[in-house]
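Student: A single structure is presented below for examination.
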Amino acid sequence: MIQIVIAEDQRMLLGALGSLLDLEEDMEVVGKAKNGEEALALVKQLNPDICIMDIEMPLKSGLDAAEELIDHPCKVIILTTFARAGYFERARKAQVSGYLLKDSPSEELANSIRTIMDGRRIYAPELVDMAFGDENPLTEREKQVIELIAEGKNTKEIANELYLTTGTVRNYISVILDKLDVSNRIEAISRFKEKGWFK
């Protein structure tokens, strides 16, 4: 039985992830943490096989916690919304076993855990592209958001169209600006066009 600790500061997501993984016959969620400090304490106390961590959490980020677990036998999987080259680079240096994005299908997570337990590493393809070439750094969801921005839609309209909250859309937009290294939506659209990334 693969024993798992999950660290995620969004309670609903923490509960949903726990329930999904508990449905797998060969997996058991033995601990849940709301931040990196709790995650470290649980890993040291329970010695799980895998610790799944979000990056941006209070008190201690998932990357800080992963760096502290370099010498621990527990394998760390980063599960995040952020496909940022800087984060990915730090995660690789912390020797994490996996770096997956939250918009991946749920069955992909269980399969990735099994693959990692077999001694392999799994990185989201977007990140590998980003680390090794001038590829489009945006995830599928971020591409949808920038395409709707280019159509002239505002934050609320994008939120309605993609069934997201306006706060989530604002987060996506700030990540898009960050990844494209621009300071506003107009620059983001022109950078995206100039790279030939619009479908």
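The values are calculated or read from the model by the stated rules, or taken from the named source; none is laboratory data. Note that the structure is predicted; figures quoted are calculated from it, not measured. Here the Cβ is made from the backbone with ideal geometry for all residues, glycine too, and neighbour counts use every protein chain on show. Note: areas computed on protein heavy atoms with side chains; ligands, DNA, RNA excluded. Shrake-Rupley method; radii C 1.70, N 1.55, O 1.52, S 1.80 Å.
Student: Pairing the Cα long axis of helix 11-22 with the longest principal axis of the chain, what angle in degrees results, from 0 to 90 and rounded to the nearest 10?
Tutor: Orientation of helix 11-22: about 60 degrees from the principal axis.
Student: Using just the helices of the chain, give the 222 nm mean residue ellipticity in deg cm²/dmol: DSSP H runs with n ≥ 4 each add -39,500 (n - 2.57), and the total is spread over all residues, rounded to 500.
Tutor: Theoretical 222 nm ellipticity from helices: -15000 deg cm²/dmol.
Student: Right, something else. According to a simple spin-label model (label point 7 Å from Cα along Cα-to-Cβ), what is the distance in nm between Glu56 and Asp71?
Tutor: Distance between the two pseudo-spin positions: 3.3 nm.
Student: Please work out how much accessible surface Phe198 shows to a 1.4 Å probe, ignoring ligands, DNA and RNA, in Å² rounded to 10.
Tutor: 50 Å²
Student: Pick from Lys32, Lys156, Lys143: which residue has the top mean-square fluctuation in a GNM of the chain where Cα pairs under 10 Å get a spring?
Tutor: The residue that fluctuates most here is Lys156.
Student: Once the other residues with Cβ under 15 Å from the Cβ of Met12 are scored (Lys, Arg +1; Asp, Glu -1), what is the net sum?
Tutor: +1
Student: If you don't mind, there's one more thing I want to ask. Write down the Kirkwood hydrodynamic radius of the stretch 140-195, to one decimal in angstroms, obtained as one divided by the mean of 1/r over all alpha carbon pairs.
Tutor: Its Kirkwood hydrodynamic radius stands at 11.0 Å.
Student: Which value, in Å², gives the accessible area per residue of the chain when a 1.4 Å probe is used on the protein heavy atoms?
Tutor: Per-residue accessible area for the chain comes out at 52 Å².
Student: Which whole-number percentage describes the relative contact order of the chain, with Cα contacts under 8 Å and a sequence gap of 6 or more?
Tutor: 13 percent
Student: Another one. So, taking all protein chains as they sit and a 1.4 Å probe, how much accessible area belongs to Glu56, in Å² rounded to tens?
Tutor: We get 80 Å² for Glu56.
Student: Sticking with this one: When 1/r is averaged over all different Cα pairs and the result inverted, which Kirkwood radius in Å belongs to the chain?
Tutor: With all distinct Cα pairs of the chain included, I get 17.7 Å.
Student: Over the chain, what percent of the accessible surface lies on carbon and sulfur atoms, probe 1.4 Å?
Tutor: 48 percent
Student: Cross-link list Lys156/Lys179; Lys34/Lys153; Lys44/Lys93; Lys75/Lys102: which exceed 26 angstrom alpha carbon to alpha carbon?
Tutor: In this structure, Lys34/Lys153 lie more than 26 Å apart at Cα.
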